[in-house]
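The values are calculated or read from the model by the stated rules, or taken from the named source; none is laboratory data. Keep in mind that this is a model prediction, so the values were computed, not measured. In this analysis, Cβ positions are derived from the backbone assuming ideal geometry, glycine residues included, and neighbour counts consider all displayed protein chains. For the accessible areas, the whole protein counts, side chains as well, though only heavy atoms, and no ligand, DNA or RNA atoms are used. Shrake-Rupley method; radii C 1.70, N 1.55, O 1.52, S 1.80 Å.
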Amino acid sequence: MAGRVTAAGPAPPVDPARFRGLMARWATGVSVVTAHQGPGDAGLTVNALLSVSLTPPSLLVSVSRDADTLAAITASGRFGVSFLAADQRPLSERFAAPVSAEEKFRGVAIHRAPGGSPLLDGSIGAVECRLAQQIPAFDHVLLIGEVLHAELGGDRPPLVFFRSSYATAEGADRLGLPPSRA
Ligand SMILES: Cc1cc2nc3c(=O)[nH]c(=O)nc-3n(C[C@H](O)[C@H](O)[C@H](O)COP(=O)(O)O)c2cc1C
């Protein structure tokens, strides 16, 4: 009866591997969250992202306590988010790799947001946020950012993450959505 509450009390908690498999069924986009701090840039691949409010525009990312980028974000008080296009899969892989921040950015084309956060060229959208709140959440920290700068990139398909694999959303136009305004 795993996962059910019985008269004898709560059943054992859900196995983390089972939960990971469950959440793998939740399709997401893929972003790279960045910060500029001191002499260098830092960044990591993030798919735990959601919009929070429109007034003010704000979003939330969930970052592991173990992520090296976390210290750079909290120290700078700002962070950038670049929404990856389907053809930017190599950047997702690079920013998820256990290598130094310097190595991650080597040869990567970036531009600077007004507050200095690096944004990845060629992304389908990008923002720079002021770090408004940090909420400890188990082994992660929820970072709520107020969006101070927003860029719409080209109308290209997004990179999608689903079932622990990369996918594309080439069929999105079949939904009949109007093209986004650039
Ligand atoms: C598709 C994908 C999504 C990821 N999403 C997250 C996430 O939402 N939060 C997080 O903390 N790590 C996430 N990761 C893992 C980090 O990108 C990875 O641990 C990275 O090496 C951390 O870099 P850092 O220690 O240099 O900051 C994700 C990895 C992949 C491949």
Practice prompt. Find all pairs meeting these conditions: Cβ atoms under 6 angstrom apart; at least six residues apart or on different chains; first residue within the range 53-66 and touching a residue at least 12 places away in the same chain (Cβ under 8 Å) and under 10 Å from GLY145 (Cα atoms); second residue open to solvent by 30 Å² or more (accessible area, probe 1.4 Å) and within 11 Å of the ligand (Cβ to nearest atom).
Written response: LEU60/LEU50; LEU60/LEU142; VAL61/LEU49
Fill in: Where GLU93 falls short, out of the listed (1) closer than 13 Å to SER31 by Cα; (2) in contact (Cβ under 8 Å) with a residue 60 or more places away in the chain
(2)
Item to complete: Please identify the pairs in which a residue from the range 70-88 that is closer than 17 Å to LEU131 by Cβ has its Cβ atom under 6 Å from the Cβ atom of a residue that is assigned to a helix (DSSP H, G or I), counting only partners at least 6 apart or on another chain.
Response: PHE79/ILE73
Worksheet item: Counting only residues that are touching a residue at least 40 places away in the same chain (Cβ under 8 Å) and more than 10 Å from the ligand (Cβ to nearest atom), which one in the range 35-52 is farthest from GLY116 (Cα to Cα)?
Response: VAL52
Item to complete: Specify the residue that is nearest to the chain's Cα centre (by Cα); the eligible residues are those in the range 21-78 that are of a type outside the set (Gly, Ala, Ser) and at pLDDT below 95.
Response: GLN37
Fill in: Subset tally (residues that are surrounded by 13 or more Cβ atoms within 10 Å (Cβ to Cβ) and either modelled with pLDDT of 95 or more or assigned to a loop (DSSP other than H, G, I, E, B) (or both)) for the range 159-168
5
